[in-house]
Ligand code: FAD
């Protein structure tokens, strides 16, 4: 294909994370003779590999950071432009990048992800973890640290407190149980003892390979320390990289300066009242009540104050919409994401969006909800690509099956965790009944029933129940006659419903 020198493309996708890469691959393969551009701020893109459909809706895959040339080699009609988008002129169908490049599109998909919602922007002792660079910064700071305070109760905080060794961790959560985004109090109780036991030895492998811009792998496995040095060369750009995913800490040694294995104390139902620099703290009345000298102090709403080496702000992400808003008429959701309809279309003509930056604003299936997770970024990116294609071809397209049932498979505290449907009874109010089975240290199984039908489940440990429960949720069978047998460990439930 002749090189596109006019910077005019049929399809333009912004963002080299899972959503953007999946979307642009979908478009480039479906329209081999059309010009497709992927505009992304970081020099490395995220590629999905080892994709495995575990069941009808559950999927597992690994993610590798790769140089963008990999995409261009695979799809001759796909051009990757490494530059951050500075402005969008939706009326004119053009994007402007920080390098002064003007890119024209017929159809655009914005997949610019999110950035950490920091407790405060201008304090060097408050860190957020979002991409590989910030994870490395965290690792570096941790190696000198004796105490850190982690604020937040989502997936990142959960993984972090479990993984950190050799450093005291004070974990401040606003709820009455840990992991509130994913679990109820029962599941939290099941997991809590794990925090006070030694971690099992793990083979030191790292699924994520990071490349330098010259295409050479920079970090592999536990060799991250040398990788950091080498990465120094490509740190000149300060643009945001893609969000990390499930295995972000694998291969990274999260070890503090102390000999202790793990020391985590949880402060429940509390939020940050104020953060003090060392100087501010010494001048405050609190100084006389706290011993030791720390670079930063955090005062919590429960009245306690902790000095620490640094604070990790793990309080969620804010959609990265800023460069696209000025002069345009995007409808934004309450969480500031770009609202998209059931065809991933925003309120601006010919502009679609997928992944962490968008907010699903269609009337969702009663068994699905959006959560800013890796799997959903892939599904949305893929579906957005198909919707853009269908529009160009004047074809109709139905909402994809993956949006029928929420499903997520991950690992927390070294346990396999499967979440299905309304796993926390989201939106059900009193119209729900919970069945729970728990074997300490082994498994925790929770089923959410509504009107006798299964609408959600939490499976922690090797339960082997995911496929059967997924089917029971999807077929909405009335389980009233079987409710007493459903979680009976002596009954092979798979056979039972065969
Ligand atoms: P991103 O991956 O954030 O990609 C956004 C892309 O847009 C980047 O390439 C960026 O460079 C580019 N970009 C941004 N602004 C611009 C601009 N102005 N111009 C051009 N390009 C731009 N999910 C799970 O499912 N399981 C987990 O266990 C899990 N753990 C996580 C742990 C951490 C520490 C973090 C941070 C996230 C975790 N997530 C997890 C969430 C998951 O990583 C994200 O939901 C997912 O990666 C979002 O993908 P995305 O493509 O929408 O955005």
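The values are calculated or read from the model by the stated rules, or taken from the named source; none is laboratory data. Just so it is clear, the structure is predicted and the values come from calculations on it, not from any experiment. Cβ: placed from backbone, ideal geometry, glycine included. Neighbour counts: every protein chain shown.
Some observations on this one:
- The one condition from (1) in contact with a helix residue (DSSP H, G or I) (Cβ under 9 Å, 6 or more places away or on another chain); (2) surrounded by fewer than 24 Cβ atoms within 10 Å (Cβ to Cβ); (3) within 26 Å of residue 309 (Cβ to Cβ) that residue 148 does not meet is (2).
- Some residue of the range 442-452 being surrounded by 23 or more Cβ atoms within 10 Å (Cβ to Cβ), touching a residue at least 40 places away in the same chain (Cβ under 8 Å) and over 21 Å from residue 190 (Cα atoms): no
- Selection within the range 428-441 - assigned to a loop (DSSP other than H, G, I, E, B) and in contact (Cβ under 8 Å) with a residue 40 or more places away in the chain: 440, 441
- Residue list for the range 83-109, restricted to those being farther than 17 Å from residue 35 by Cβ and more than 9 Å from the ligand (Cβ to nearest atom): 87, 88, 89, 90, 91, 92, 96, 99, 100
- Within the range 360-394, the set of residues being within 15 Å of the ligand (Cβ to nearest atom) and part of a helix (DSSP H, G or I) comprises 374, 375, 376, 377, 378, 379, 380, 381, 382, 383, 384, 385.
- Listed here are the strands (runs of 3 or more DSSP E) enclosed by the range 243-348 that have at least 2 residues being modelled with pLDDT of 90 or more and within 15 Å of the ligand (Cβ to nearest atom): 310-313, 317-319, 338-340.
- Any hit, the range 425-434, residues being within 16 Å of the ligand (Cβ to nearest atom), under 20 Å from the mean Cα position of the chain (by Cα) and over 21 Å from residue 12 (Cβ atoms): no
- Test: residue in the range 48-55 that is within 13 Å of the ligand (Cβ to nearest atom) and touching a helix residue (DSSP H, G or I) at 6+ places or on another chain (Cβ under 7 Å): yes
- Qualifying residue in the range 26-36 (condition: surrounded by fewer than 17 Cβ atoms within 10 Å (Cβ to Cβ), over 30 Å from residue 465 (Cβ atoms) and near the ligand (Cβ under 9 Å from one of its atoms)): no
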